[in-house]
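Structure first, then comments.
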Amino acid sequence: MGIEYDMADVLIRLRSEGASFDRIVTLGRQNYIGTAKGTRALFKKYGLPCNWVPPNPYPHNFADGLFQALGAKDLQSLDIDSQEVPTLVHDLNQPVPETFCNRFDLVLDAGTLEHIFNISQALFNCMRMVRVGGKLVIDGPVNNCMGHGFFQFSPELFFTLFSAANGFRTDTVTVIEHSPRHRVFEAVSPDHAKRRFETTTFWKTTAICVATKVADVPLRWPQQSDYAGAFVQLAGHRPHEFHRTRWVERFIAENFPKLAISLKALKFSALRRSLRLGNRTAFKRK
């Protein structure tokens, strides 16, 4: 678990915009992966002073100083394992105690949630711990990270879960391509675009979601945007047609099965622009 430059950039930007970081809880005790020069540059970018110098060497350079430089007065870390001396010991597979709820200005995950089996409970725990007006920030893998944890996330998960129905507003979902080009994109909500986006990437890709809690309401299970629309149609006037197969595809599949397999591989590959991060309908280059 560690805070790299992309996450540090997000946190410093939020602080420059007036977000309160008085009471912070991190999932796991966070290391800071950055140099003094790079850190000063980030603070200068957003017009904030910084006298903190990151300690060395990694992996024992805890990020406590960064949070204090951002204004933290009450800094907590939550972990199932006491090895790194967290201030709160809890298994996020289980509901958090009421004393944790509506308590923090910032709940930060920088690489924990994908390792928790009961992911829905872990996400709900994070949402419950944020106070109204506070921020929930999650950094997680979205593609080409198979084997890193139990899960990889879709930007749509964040847009759909952190919605008005659950008392949240998704502010941004920033998608980061960990390539030599280090491209950064802002994801577009499928609900806003009225369509689902599927993406294939060549490089490891992660996403940082920033959400604001606007109300304390009972949490609800979300439905993916296009299926939610289908349920509305089925309950109303006309059924929704799922996964229609064109006659050409059926003909090839029935008569040329090997060709059909090759065409299907191409159909869902990054060779298609609509499945790449270059899809300007789904992602806006930063």
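Just so it is clear, none of the values below were taken in a lab; they were calculated from the coordinates. Please read these numbers as outputs of a predicted model, since none were measured by experiment. All Cβ positions, glycine included, derive from the backbone under ideal geometry; neighbour counts span all protein chains shown.
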Share antiparallel - DSSP beta bridges, the chain, percent rounded to 5: 55
Rel. contact order, % - alpha carbon contacts under 8 angstrom, at least six apart, segment 36-191: 12
Amide hydrogen neighbours beyond the local backbone of Thr200, cut-off 5 Å, H modeled: Arg276
Candidates Phe168, Phe100, Phe21: whichever shows maximal mean-square fluctuation once the chain is modelled as a Gaussian network with Cα springs under 10 Å: Phe100
Cα Rg, Dmax, segment 116-235, angstrom units: 14.8, 49
Anchor Lys37: lysines whose Cα lies under 28 Å away (excluding residues fewer than 8 positions away in-chain): Lys45, Lys73, Lys135, Lys204, Lys286
Theoretical gain in end-to-end length, Asn144 to Phe202 [0.36 nm per residue, Cα-Cα removed]: 20.1 nm
Relative contact order (%) - the chain, alpha-carbon pairs under 8 angstrom, separation at least six: 15
Which of Lys204, Lys258 has the fewest Cβ neighbours within 10 Å, and the rest in rising order: Lys258, Lys204
Descending principal axes extents, segment 137-182, alpha-carbon based, whole Å: 37, 26, 15
Debye, to nearest 20: dipole size of segment 2-225, +1 on Lys, Arg Cβ, -1 on Asp, Glu Cβ: 640
Summed side-chain charge close to Arg285 - residues other than Arg285 whose Cβ falls under 10 Å, Lys, Arg +1, Asp, Glu -1: +3
Computed E for Asp226/Leu259 - FRET, C-beta separation, R0 35 angstrom, nearest 0.05: 0.75
Hydrodynamic radius of segment 1-87 per Kirkwood, over alpha carbon pairs, in Å: 13.2
Sites Thr35 and Leu88 - FRET efficiency at Förster radius 22 Å, r taken between beta-carbons, to 0.05: 0.15
Calculated [θ] (222 nm, deg cm²/dmol) that DSSP helices of n ≥ 4 give over the chain, each run adding -39,500 (n - 2.57): -8000 deg cm²/dmol
